[in-house]
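Okay, structure first, notes after.
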Amino acid sequence: MAPRAVAITSAGLVTALVAIPLVAVFDRAGGIATLNAADWAALRFTVWQALLSALLSCVFAIPVARALHRQRFWGRETLITILGAPFILPVIVAILGLLAVFGREGMLSQALMFIGLPRIHIYGLHGILLAHVFFNLPLAIRLILQGWQDVPAERFRLVAQLGLGPAAMFRVVEWPVLKKTVPGAFLVVFVVCLSSFAVALTLGGGPKATTVELAIYQAFRFDFDIGKAATLAVLQLGFVGIAAAVLMRLVGAPKTDVGLGREQVFLRRMTPMRKLLDLLVIVVVASFLLLPILSIVAAGVFELPSLPSSVFQSAKHSLIVALASTALCLLFALPLATFKLGQTISLFGFALSPLVLGTGLFLLIQPYANPFELALVVTCVTNALMALPFAVRAIGPAFAQINADYGRTADMLNLTGWARWRWLYLPRLRRPIGFSAGLVAALSMGDLGVIVLFADPDRATLPLQMYRLMSAYQMEAASGAALLLLMLSLGLFWIFDQGGRRGFRT
Amino acid sequence: MKASLFAAGIIAATTAVAHAETLTVYAPDYFTSEWGPGPTIEAEFEKVCDCDLDFVPGDLLPRIMLEGKNTRADIVIGLNTDVTAKARSTGLFADHGQDNGKLELPIEWTDSVFLPFDWAYVSFIFDTTKISSPPTSFEALRAMSVDQKIVIQDPRSSISGLALILWVKAVYGDEAEAFWSDMAPRILTVTKGWSEAYGLFTDGEAPMVLSYNTSPAYHIAFEDDQTKKAAIFDEGHYGFFELVAKTSTTDNPELADQFMAFVLSDAFQNAIPMTNFSYPSAQSESEWPQVFADLPAPEKALFFSEDEAAAVRAEAIEEWRRALSQ
């Protein structure tokens, strides 16, 4: 098959994997359901908080990505990796970690009370935004940083040589980078926050913060109104579609921006003031992102040695699932990253509520096979589907840039088909591919996804085992399991991400 | 001829090796985990049944509803009273065939389909190092300082959260919404499920949490921690019962019946308190482990029948939602 045919096949497969289960659910439910006033209120609130969360995540991510890009300091690479940790945390762990810092009895409140100030009240819309920025800022930073790193080194040399001031520098270098990366980052964060449920509810302080996902869960679990669950899920998909249509239009076609693929070096000395500001930005953001992580580490570290062996057994199952999901996800992601519509299609797997997706798959499989025997396969496929937008987002802009830079040369050389992939794309996509693989693997480690319907009795995954410990009142052991999960997720992320950077040469 | 004899031999051999029969039991995840009652119950039942008990973990009601008559389950264990109306309406469950008179519950049990295997009182658990004079009634809770925060579960996503809403409705009736309005500033936050709320409580974020009066048994028995206690209310507490039922589609009705009888036997009942942290349904107080007998308990159980609960549920949730959304 030619690459073009592969791209079309991938797009078709992903669309089918989302659409067919959805149709199966509607078929079973006997059509769409009518929504009540509370549902519409939930929809409005969901979209509103997702827009704000995405906006704030991007606004904060820009200065951080810029500072991380232009400053060199000891431990920079490690810091960039660790800053990604919040994004891959299981929800319940992240909530407890965040509240250990920002909660009523958290570190910050304790410190404020120590100096005679009132404690902070984190529960409310501001709490939701704080949590969503905590989760998604790392992703936004990485996506924007990626864009910066893709600017040819020659551009910076030229800027230095011409002695361009900050304003001209912004116009020539920074604006094109932002234009290329920010709409995509905004879109992904928006989609992530659209499906928020436990975080929004807990940090939002109660039913004021009811999201669509809660309504879907209620319809599914209590009322068994799967028609309503599916109707809400379709509305959610609709918002993703609208957001994608608006935002992808903002991303202009990349202009030729070719260089020799040199390592970027900064020739011009920065004023001490600017350097100080950059470092301040990095310190503030690192504390914000890492303090909750540290509290998770502190809670779990002494539990690690005494974890029951079944927890390690489940960690092994999770690793296998994560690696299989990663391979599958990249198989879908590479072809989809090559065209704009593909990038939108990639969003649908994540945007469709996992409960509805799981229900659809269950209905489709059940007449032919025992769903529990297929549990791990289904988990791999759905994990791959759900991680797809992140992988495609990381690879897409880099792919477009390669075509803009070298496409014509390659055309002249008649470099087409697989040869074009082998010699042109793959070597230059190494870094985004490594980053995506790390992200997908880490997300698959922590994901519970469709497990409620497809739980394998003999092969529990690590997050499931952690929840079991919690239900058995073993909160301390659960903290140990959470830390193990965090370490494995970050470890996987680090290995793939580093693998992508090593030997990065073109 | 030879080949078919050979095949017949293999078939005979495989059936001889395998257990005579398999009993498939759908159960919630916490039930089947190594820390739950599942493993003990499986071992005990297999001692007496000459069969293979196969637990399948996961969400019960949605799965049963999706599978309908094709369900592989012979037994479903871990349903609770607030979803039985829906479960019953499917016609997928058969009579349990057991004598309800053997049950030792704080209310009279008349259901012939769903059989309780354990129970507890829905309660607020508080930290004695932070709350020195715990409330003894809903009115006292309502009058507590707004600095004494509590964490509850959302009745739309959590079964214990729903039990609280019904409890308040049983006590306050038409005044329930006013009660919730007064409680709003005292409720620190509302969580998706029990684990998040209880985690916030043990982490010290809130001094009081919605749980069960049997929860302190875990802390006393396994952590030697006496600082977590249930606040006992004069009005009485809502009863929380977990149920087991036999499917009408089972292809193994005798074995399923044997399991239903086993549920009320000591082998099953003894496993419940220290693994599920709840009272066994068919043992009197004198048979409970000492730590459970010592737990403070209310004088009176409040309970809505299935039909009563179904009738007030939507309204009660809506009142709660309105009051807490102000």
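Conditions tested, residue by residue: (1) farther than 29 Å from A:VAL91 by Cβ; (2) buried (at least 18 other Cβ atoms within 10 Å of the Cβ); (3) more than 17 Å from the chain's Cα centre (by Cα).
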site: B:LEU188; (1), (2), (3): no, yes, yes
site: B:TRP194; (1), (2), (3): no, yes, no
site: B:LEU200; (1), (2), (3): no, yes, yes
site: B:ASP203; (1), (2), (3): no, yes, yes
site: B:SER211; (1), (2), (3): no, yes, no
site: B:ALA230; (1), (2), (3): no, yes, yes
site: B:ALA261; (1), (2), (3): yes, no, yes
site: B:MET274; (1), (2), (3): yes, no, no
site: B:TYR279; (1), (2), (3): yes, yes, no
Would you check which residues across segment A:97-156 are out of contact with any Phe, Trp or Tyr (no Cβ under 7 Å at 6 or more places or on another chain), assigned to a helix (DSSP H, G or I), buried (at least 17 other Cβ atoms within 10 Å of the Cβ) and within 14 Å of another protein chain (Cβ to nearest Cβ) and list them?
A:GLY97, A:LEU99, A:ALA100, A:VAL101, A:PHE102, A:SER109, A:LEU125, A:GLY127, A:ILE128, A:ALA131
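Would it be correct to say that A:ALA200 is under 22 Å from the mean Cα position of the chain (by Cα), within 14 Å of chain B (Cβ to nearest Cβ), part of a helix (DSSP H, G or I) and touching a residue at least 60 places away in the same chain (Cβ under 8 Å)?
yes
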Expected output for segment B:240-258 (first residue more than 17 Å from B:ARG88 (Cβ to Cβ), partner surrounded by 19 or more Cβ atoms within 10 Å (Cβ to Cβ) and small (Gly, Ala, Ser), Cβ below 9 Å, 6+ apart or cross-chain) is B:PHE240/B:ALA120; B:PHE240/B:SER160; B:PHE240/B:ALA163; B:PHE240/B:SER278
Of all residues making up segment B:34-65, the number that are within 30 Å of A:PRO367 (Cβ to Cβ) and within 22 Å of the chain's Cα centre (by Cα)
15
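Go through segment B:86-114 and count every residue that is outside any loop (DSSP other than H, G, I, E, B) and either away from chain A (no Cβ under 14 Å) or surrounded by 15 or more Cβ atoms within 10 Å (Cβ to Cβ) (or both). Explain how you work it out, then say what you get.
So the first thing to find is which residues in segment B:86-114 are outside any loop (DSSP other than H, G, I, E, B), and the list is B:86-89, B:93-94, B:100-102.
Subsequent filtering for residues that are either away from chain A (no Cβ under 14 Å) or surrounded by 15 or more Cβ atoms within 10 Å (Cβ to Cβ) (or both) retains B:86-88, B:93-94, B:100-102.
The total comes to 8.
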When the residues of segment A:212-225 are narrowed to those that are within 8 Å of chain B (Cβ to nearest Cβ) and over 24 Å from the mean Cα position of the chain (by Cα), which ends up surrounded by the most Cβ atoms within 10 Å (Cβ to Cβ)?
A:PHE220
Filtering segment B:204-222 for residues that are more than 8 Å from chain A (Cβ to nearest Cβ) and not β-branched (Val, Ile, Thr) leaves a count of 9
Given the conditions (1) among the small types (Gly, Ala, Ser); (2) in a helix (DSSP H, G or I); (3) more than 12 Å from chain A (Cβ to nearest Cβ), report the number of the one that B:GLY68 does not fulfil.
(3)
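Do you know which residues across segment A:44-61 are surrounded by fewer than 20 Cβ atoms within 10 Å (Cβ to Cβ) and either aromatic (Phe, Trp, Tyr) or under 22 Å from the mean Cα position of the chain (by Cα) (or both)?
So in segment A:44-61, the residues surrounded by fewer than 20 Cβ atoms within 10 Å (Cβ to Cβ) come out as A:44-45, A:48, A:51-52, A:55-56, A:59-60.
Result: A:PHE45, A:TRP48, A:LEU51, A:LEU52, A:LEU55, A:LEU56, A:VAL59, A:PHE60.
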Going by what's in this entry, would B:ALA217 be described as in a helix (DSSP H, G or I) and surrounded by 24 or more Cβ atoms within 10 Å (Cβ to Cβ)?
yes
From the list A:PHE60, A:PHE73, which residue is more than 30 Å from B:ARG322 (Cα to Cα), outside any helix (DSSP H, G or I) and out of contact with any strand residue (DSSP E or B) (no Cβ under 6 Å at 6 or more places or on another chain)?
A:PHE73
Taking segment B:71-85 and the residues there that are outside any loop (DSSP other than H, G, I, E, B) and under 26 Å from B:ASP52 (Cβ atoms), the one that is modelled with the lowest pLDDT would be B:LEU79
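Mind telling me which of the residues A:VAL182, A:VAL192, A:VAL177, A:VAL188 ends up being under 25 Å from A:ALA38 (Cβ atoms), crowded, with 16+ Cβ neighbours inside 10 Å and more than 14 Å from chain B (Cβ to nearest Cβ)?
Details: A:VAL182 fails: under 25 Å from A:ALA38 (Cβ atoms); A:VAL177 fails: under 25 Å from A:ALA38 (Cβ atoms); A:VAL188 fails: under 25 Å from A:ALA38 (Cβ atoms).
So the residue among A:VAL182, A:VAL192, A:VAL177, A:VAL188 that is under 25 Å from A:ALA38 (Cβ atoms), crowded, with 16+ Cβ neighbours inside 10 Å and more than 14 Å from chain B (Cβ to nearest Cβ) is A:VAL192.
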So which residues in segment B:282-326 are closer than 17 Å to B:GLY173 by Cα, away from chain A (no Cβ under 14 Å), among the hydrophobic types (A, V, I, L, M, F, W, C) and touching a residue at least 40 places away in the same chain (Cβ under 8 Å), if there are any at all?
B:ALA301, B:LEU302, B:PHE303, B:PHE304, B:VAL312
Flagged pairs (Cβ under 9 angstrom, 6 or more apart or on separate chains; first in segment B:40-63, more than 14 Å from chain A (Cβ to nearest Cβ); second among the hydroxyl-bearing types (Ser, Thr, Tyr) and assigned to a helix (DSSP H, G or I)) are B:ILE41/B:THR275
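Is it true that some residue in segment B:192-203 is more than 22 Å from B:VAL312 (Cα to Cα), polar (S, T, N, Q) and at the interface with chain A (Cβ under 7 Å from one of its Cβ atoms)?
Keep residues of segment B:192-203 that are more than 22 Å from B:VAL312 (Cα to Cα), which gives B:194-203.
Checking the rest, the ones that are also polar (S, T, N, Q) come to B:195, B:202.
Cutting the leftovers down to at the interface with chain A (Cβ under 7 Å from one of its Cβ atoms) gives us B:195, B:202.
Yes, because at least one residue in segment B:192-203 is more than 22 Å from B:VAL312 (Cα to Cα), polar (S, T, N, Q) and at the interface with chain A (Cβ under 7 Å from one of its Cβ atoms).
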Which of the numbered conditions does B:ASP225 fail, given that it passes all the others? Conditions: (1) within 14 Å of another protein chain (Cβ to nearest Cβ); (2) assigned to a loop (DSSP other than H, G, I, E, B); (3) crowded, with 18+ Cβ neighbours inside 10 Å.
(3)
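Just to be sure, is B:LYS169 in a helix (DSSP H, G or I) and crowded, with 21+ Cβ neighbours inside 10 Å? Reasoning before the result, please.
On the way: in a helix (DSSP H, G or I): yes; crowded, with 21+ Cβ neighbours inside 10 Å: yes.
Spelling it out, B:LYS169 is indeed in a helix (DSSP H, G or I) and crowded, with 21+ Cβ neighbours inside 10 Å.
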Six or more apart or on different chains, Cβ atoms under 9 Å: show the pairs whose first residue is in segment A:306-335 and within 14 Å of another protein chain (Cβ to nearest Cβ) and within 22 Å of A:GLY12 (Cβ to Cβ) and whose second is β-branched (Val, Ile, Thr) and outside any helix (DSSP H, G or I).
none
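Tell me which residues, restricted to segment A:404-435, are under 21 Å from A:LEU178 (Cβ atoms) and either touching a helix residue (DSSP H, G or I) at 6+ places or on another chain (Cβ under 6 Å) or surrounded by 19 or more Cβ atoms within 10 Å (Cβ to Cβ) (or both).
Pass one, segment A:404-435, residues under 21 Å from A:LEU178 (Cβ atoms): A:404-405, A:431-432, A:435.
Of everything in segment A:404-435, those that are under 21 Å from A:LEU178 (Cβ atoms) and either touching a helix residue (DSSP H, G or I) at 6+ places or on another chain (Cβ under 6 Å) or surrounded by 19 or more Cβ atoms within 10 Å (Cβ to Cβ) (or both) turn out to be A:ASP405, A:ARG431, A:PRO432, A:PHE435.
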State whether the residues of segment A:234-241 include one that is modelled with pLDDT of 90 or more and either touching a strand residue (DSSP E or B) at 6+ places or on another chain (Cβ under 8 Å) or within 14 Å of another protein chain (Cβ to nearest Cβ) (or both).
no
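The values are calculated or read from the model by the stated rules, or taken from the named source; none is laboratory data. The model shown is predicted, which means the values in this text are computed figures rather than measured ones. A quick note on method: Cβ atoms are made from the backbone with ideal geometry, for glycine too, and the neighbour counts reach across all protein chains shown.
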